[in-house]
1. Amide H neighbours of THR32 under 5 Å, counting only residues 5+ apart in sequence or on other chains, H built in-plane at 1.01 Å?
2. Can you compute the charge dipole magnitude of the stretch 36-98 about its Cα centre, using +1 on each Lys and Arg Cβ and -1 on each Asp and Glu Cβ, nothing else charged? Give it in debye, rounded to the nearest 20.
3. Please turn the phi angles of the stretch 87-99 into ³J(HN,Hα) values with the Karplus equation 6.51 cos²θ - 1.76 cosθ + 1.60 (θ = phi - 60°), one per residue in order, whole Hz, x for glycine and proline.
4. Pull out the extension gain between GLU118 and LYS170, defined as 0.36 nm times the separation in residues minus the alpha carbon to alpha carbon distance; nm, one decimal.
5. Based on the mean of other beta carbon atoms within 10 Å per residue, what is the order of 52-63, 137-148, most packed first?
6. List the trypsin sites (Lys or Arg not before Pro) within the stretch 129-171 that DSSP assigns to loop and that have no more than 15 neighbouring Cβ atoms inside 10 Å.
7. Could I have the simple spin-label model distance between ARG63 and SER190, label points 7 Å from Cα toward Cβ, reported in nm to one decimal?
Amino acid sequence: MRHLLLPVLACVLLGAPTASSHAQTDDNLPTTPESAALVELLSDYQADRRAVRSFYSMSFDSRAYDRLGEVDAEARRALEATDFDALDQQGRIDYLLLRTELDARAAELDLQRQRLAEMRDLIPFADTIAALERDRVAMKPIDAQAAAVLLDGIDEQIEALRKRIDKGRKEGGADDDRLVVSAVVANRASRTV
């Protein structure tokens with residue numbers, strides 16, 4: 001008896017799988033078809049968000065926010081088509097958690113879009129850089145001469161931006177071309193690019 005006590009104790013302490021742990025795993029499986037479909041929806045939703053985040057790696061690419069919004073809207077439509085009463089207990093929990101996450105993500109996307117709009121004047125070259133990056137990630141052939149022209153245009157945009165900011169720093173004057181920027185927005189734009 002003593003020679004069996006040590007291996008059993010080691011299994012318990014080290015967390016080796018036992019018959020009871022396998023039974024517990026089976027309890028976590030969906031018990032209704034609706035719950036199984038919801039688990040698949042959750043998995044697809046997470047995979048789609050990861051794919052979008054991977055493709056749109058630049059935080060100032062407005063298309064990333066548009067695509068994330070589409071993914072969230074698609075998940076919300078599928079969630080709303082789910083019969084809540086037909087879900088098992090775990091399915092109902094997952095349903096409520098996903099609905100809450102979708103609400104939070106919608107608010108987060110609105111905030112990110114608002115912040116991007118605030119920074120737009122400080123990063124006029126953002127769309128150009130984002131387009132070049134999307135083409136690179138999609139492995140599209142790049143016309144070097146056209147890319148060089150675009151990049152040279154960015155240098156001109158930065159110079160024009162500097163002049164507008166300098167005009168904005170000067171007191172008075174009703175120059176329509178001047179740019180007055182808050183420290184918060186300027187800091188956010190510098191961290192974004």
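1. ASP88
2. Taking the Cα centre of the stretch 36-98 as origin, the dipole is about 340 debye.
3. 7, 7, 4, 5, x, 5, 5, 4, 4, 5, 5, 5, 4
4. 16.6 nm
5. Ranking, from highest mean packing down: 52-63, 137-148.
6. LYS170
7. Using points 7 Å along Cα→Cβ, the separation is 3.0 nm.
No lab work stands behind these numbers, since they all come straight from the coordinates. Fair warning: this is a prediction, and the values are worked out from it, not measured in the lab. Reconstructed Cβ throughout: ideal geometry from the backbone, glycine too, with neighbour counts over all protein chains shown.
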